[in-house]
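All remarks here apply to the structure that follows.
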Amino acid sequence: MPSLSCHNLLELAAADEAPLPSPTPLRLPRVMSVASPASPTSPSSPAPLRRVIVSHRLPLRAAPDPAAPFGFAFTVDSGTVAYQLRSGLTANAPVLHIGTLPAVAAEAASDELSNYLLANFSCLPVYLPSDLHHRFYHGFCKHYLWPLLHYLLPLTPSSLGGLPFQRTLYHSFLSANRAFADRLTEVLTPDEDLVWIHDYHLLALPTFLRKRFPRAKVGFFLHSPFPSSEIFRTIPVRDDLVRALLNADLVGFHTFDYARHFLSACSRLLGLDYQSKRGYIGIEYYGRTVTVKILPVGIDMGQLRSVVSAPETGDAVRRVTEAYKGRRLMIGVDDVDLFKGIGLKFLAMEQLLVDHPELRGRAVLVQIANPARSEGRDVQGVQDEARAISARVNARFGTPGYTPIVLLDGPVTPQEKAAYYAAAECCVVSAVRDGLNRIPYIYTVLRQESDALGDDTPKRSVIVLSEFVGCSPSLSGAIRVNPWSVESVAEAMNAALRMPEAEQRLRHEKHYKYVSTHDVAYWARSFDQDLQRACKDHFSRRHWGIGFGMSFKVVALGPNFRRLSVEHIVPSYRRTENRLILLDYDGTVMPENSIDKAPSSEVISVLNRLCEDPKNRVFIVSGRGKDELSKWFAPCEKLGIAAEHGYFTRWSRDAPWETSSLAADFDWKKTAEPVMQLYTEATDGSSIEHKESALVWHHQEADPDFGSCQAKELLDHLENVLANEPVVVKRGQHIVEVNPQGISKGVVVESLLSSMVKTGKAPDFVLCIGDDRSDEDMFESIVCPSNASVKLPATSEVFACTVGKKPSMARYYLDDTVDVIKMLEGLANAPSQRPRPAVQLRVSFEGSL
């Protein structure tokens with residue numbers, strides 16, 4: 001049955017911005033009542049998970065036909081990735097496609113058409129008003145977002161194809177994505193369906209979907225490049241788009257470069273780090289692990305073989321072979337857009353003929369120009385440039401019967417394309433920036449299958465390939481070139497034509513082995529399996545949403561991990577007699593990003609009020625030095641301090657400092673300090689903190705990527721040079737620290753507990769709050785009694801609380817330092833429970849008998 005979720009749950013317009021245009025009201029049919037290919041095949045066996053494939057366009061073709069239902073003859077477009085990926089999914093798994101109608105049929109929207117397409121093609125259309133779709137697709141997507149993802153900054157007006165950022169176009173983009181979410185809301189069963197969203201047109205969709213269905217299983221694959229963070233950070237709504245991708249469970253990219261740029265954007269914009277574990281890259285985001293996958297899209301082998309087997313293809317091959325008999329044929333197939341480098345390719349062909357006169361009259365480049373996918377002066381400019389350069393080269397080097405550059409910019413059938421691929425001995429792809437480009441794969445397969453076209457010679461091929469194309473890393477046998485260097489491309493074309501046949505065969509065999517085993521079915525199957533793996537913990541966690549608009553995100557926490565409320569802890573606080581309160585400093589009672597690290601008057605006040613209660617023992621447990629902490633907390637007479645992770649401890653302001661007996665020799669500093677100094681000089685923004693018992697290298701002010709990289713190197717370096725010293729080298733939040741062995745916050749907590757037990761005041765209430773890795777030792781010592789040397793009474797009330805929602809040994813969390821102070825104030829204002837005095841009831845009888 002349709003989901004009962006409301007359609008208007010997510011209104012993304014901020015209060016200070018113009019409201020988003022409301023999408024046209026849609027009368028959506030009860031689509032699930034229609035018998036369709038999405039229905040389970042056998043009611044007796046468990047129904048397989050349904051895959052919901054969401055893309056901008058449905059994988060359909062539409063041809064006007066007055067005799068057909070609704071005035072159009074609809075057929076499957078088997079050339080789209082959204083349809084081809086079906087071959088990699090489980091055989092009996094139902095698949096539902098969601099997207100807009102083909103452009104020619106966009107005005108035929110109706111509920112009846114929706115039911116017809118669902119029943120016959122398992123496709124459910126999203127209806128967008130024509131003006132909204134134009135602003136969404138041709139405005140924001142194709143003329144702002146798409147150029148920028150391909151490294152074209154909108155420095156000038158649309159003469160270069162890019163528009164400056166316009167808030168109204170962005171709102172149209174959000175409205176279109178919201179319409180997709182509305183459609184999904186009608187049909188999605190979030191506990192069972194797997195949602196697979198495709199490409200940059202729907203970048204905002206994961207946020208809309210996640211708000212409506214916190215446990216939805218969402219994968220997103222970006223088919224375009226993801227630019228370097230310097231480029232991506234120029235987008236005014238950059239945080240919105242990064243958070244939207246992080247609202248998916250699995251995010252896929254073609255190459256590691258694209259994934260690396262995305263990870264860098266997450267680090268620089270949101271401060272998120274990633275971890276690589278067992279071959280998977282994961283980003284921890286509010287308790288959820290967002291998996292990053294790297295795998296280029298393959299081709300549909302079956303579809304290509306069906307084209308080869310068509311009789312028309314054989315006829316076309318014979319025509320092409322005869323027409324270019326005695327020529328050295330090279331092929332290029334590109335869409336007409338700014339980034340395909342068609343003009344640069346023609347200039348390289350001209351340079352080839354200039355540098356190698358012997359190839360004049362023999363070398364021919366056939367360029368097939370696929371129709372443009374957008375509109376505008378930039379497209380017309382590319383067409384005009386290609387025609388002008390080809391005309392000039394042909395006029396300069398052409399002779400009767402010989403045309404060096406053959407530009408086919410009219411309709412070319414799939415069979416004719418296959419014929420050119422099969423006949424060409426070299427394929428040239430010179431895109432200056434491209435994501436999904438499968439032309440080299442198609443060329444390789446059609447050269448291999450040419451025996452079906454009457455060519456029984458040993459298979460060979462050569463590919464000249466731009467290093468800026470998504471498939472470049474996977475084709476190691478290609479001649480990789482910088483497309484901006486015309487001379488380099490010309491020399492690569494010459495090397496391809498002069499390459500010995502034996503080497504051509506070796507390169508071809510290497511490519512074909514990869515392409516045939518990493519086809520679109522392999523890609524889809526791999527992505528589908530990883531999506532299921534990424535979502536396997538959904539039902540073992542509790543989910544709820546926080547944030548407004550495009551800042552919305554879902555917090556996923558374990559069933560026993562919950563927010564610590566004043567109402568929950570105060571009753572335990574009141575009824576206990578011996579309390580121990582342990583507080584980390586930086587990130588717990590003092591914000592990490594605060595410039596002045598001294599405690600505020602509010603912090604001093606609340607600590608003093610807690611210390612005034614004779615039932616309380618309050619300690620600051622910090623990695624900072626004792627002199628600094630002594631100075632800051634001088635107004636707190638009864639406050640205990642454990643400095644330098646517990647190497648120094650005192651129970652009150654006037655008590656003497658106690659020093660750990662575990663470490664007395666600090667000669668290791670003479671070895672560690674020069675190493676740290678070396679990295680400090682090489683890393684701008686880093687510094688060394690000298691403590692009596694430790695050395696700390698800070699890189700919070702350094703470049704995030706470089707600082708993190710240097711920290712890893714420093715950690716390895718220090719571990720090597722200090723291998724025989726009694727120290728521990730560990731990495732924390734923006735630090736690398738060297739401490740004596742046996743010194744940790746966990747050890748000092750056990751020492752404090754032991755002292756209280758020996759005095760006969762074993763704590764029956766323990767509150768421990770911290771925010772980073774070093775505080776996990778404290779949590780472990782009180783949460784895991786089996787690992788602790790000091791046992792708390794069985795009746796003790798224990799509250800281990802981390803700051804921020806993240807995986808932790810603690811069982812409770814608070815959002816930030818503000819929440820910590822409110823919690824402490826709540827305890828300070830809660831009087832201890834005292835026994836009630838006995839009430840004596842006197843009854844007197846007065847009166848006269």
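The values are calculated or read from the model by the stated rules, or taken from the named source; none is laboratory data. These numbers come from a predicted model, not from an experiment. Virtual Cβ from ideal backbone geometry, glycine too; neighbours counted across all protein chains shown. Accessible surface areas use protein heavy atoms only, side chains included; no ligands, DNA or RNA. Shrake-Rupley method; radii C 1.70, N 1.55, O 1.52, S 1.80 Å.
Table for the structure above
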quantity: All lysines inside 29 Å of residue 142 as judged from Cα atoms, apart from same-chain residues fewer than 8 positions distant; calculated: 211, 217, 293, 340, 345, 417, 553
quantity: Net charge contributed by nearby residues that have their C-beta within less than 13 Å of residue 755 (K/R +1, D/E -1); calculated: +2
quantity: Cβ crowding within 10 Å averaged over residues, with 539-552, 101-114 ranked highest first; calculated: 101-114, 539-552
quantity: The chain: translational diffusion in µm²/s, Stokes-Einstein, Kirkwood Rh over Cα pairs, 37 °C, 0.692 mPa s; calculated: 104 µm²/s
quantity: Heavy-atom accessible area per residue - the chain, 1.4 Å, Å²; calculated: 43 Å²
quantity: Listed residue (372, 342, 359) projecting farthest to the positive dipole end of the stretch 323-386, Cβ model; calculated: 359
quantity: Förster-model FRET efficiency, 41 Å R0, residue 671 and residue 234, C-beta, rounded to 0.05; calculated: 0.35
quantity: Estimated FRET transfer efficiency when R0 is 25 angstrom, pair residue 720-residue 659 (beta carbons, to 0.05); calculated: 0.30
quantity: Whole-Å distance, taken between Cα centres, linking the stretch 82-126 and the stretch 579-618; calculated: 60 Å
quantity: Those lysines that a straight Cα-Cα span of less than 16 Å connects to residue 758, excepting residues fewer than 8 apart in one chain; calculated: 791
quantity: Candidate residues 83, 421: accessible-area rank, largest first, probe 1.4 Å; calculated: 83, 421
quantity: Candidate aspartates and glutamates for bridging to residue 615, where Cα separation is under 18 Å - those fewer than 8 sequence places away on the same chain excluded; calculated: 577, 637, 764, 797, 825
quantity: C-alpha center-to-center spacing [the stretch 332-366, the stretch 196-266] in angstrom; calculated: 36 Å
quantity: Residue 248 long-range amide H proximity, modeled H, under 5 Å; calculated: none
quantity: Area accessible to solvent at residue 688, 1.4 Å probe radius, in Å²; calculated: 40 Å²
quantity: Mean Cβ count within 10 Å, highest first, over the residues of peptides 173-184, 808-819; calculated: 173-184, 808-819
quantity: Fraction of antiparallel bridges per DSSP, the chain only, in percent to nearest 5; calculated: 35 percent
quantity: Carbon + sulfur, % of accessible area of the chain - ligands and nucleic acids excluded, 1.4 Å; calculated: 52 percent
quantity: Helix-only mean residue ellipticity at 222 nm for the chain, each DSSP H run of n ≥ 4 adding -39500 (n - 2.57), per residue, nearest 500; calculated: -11000 deg cm²/dmol
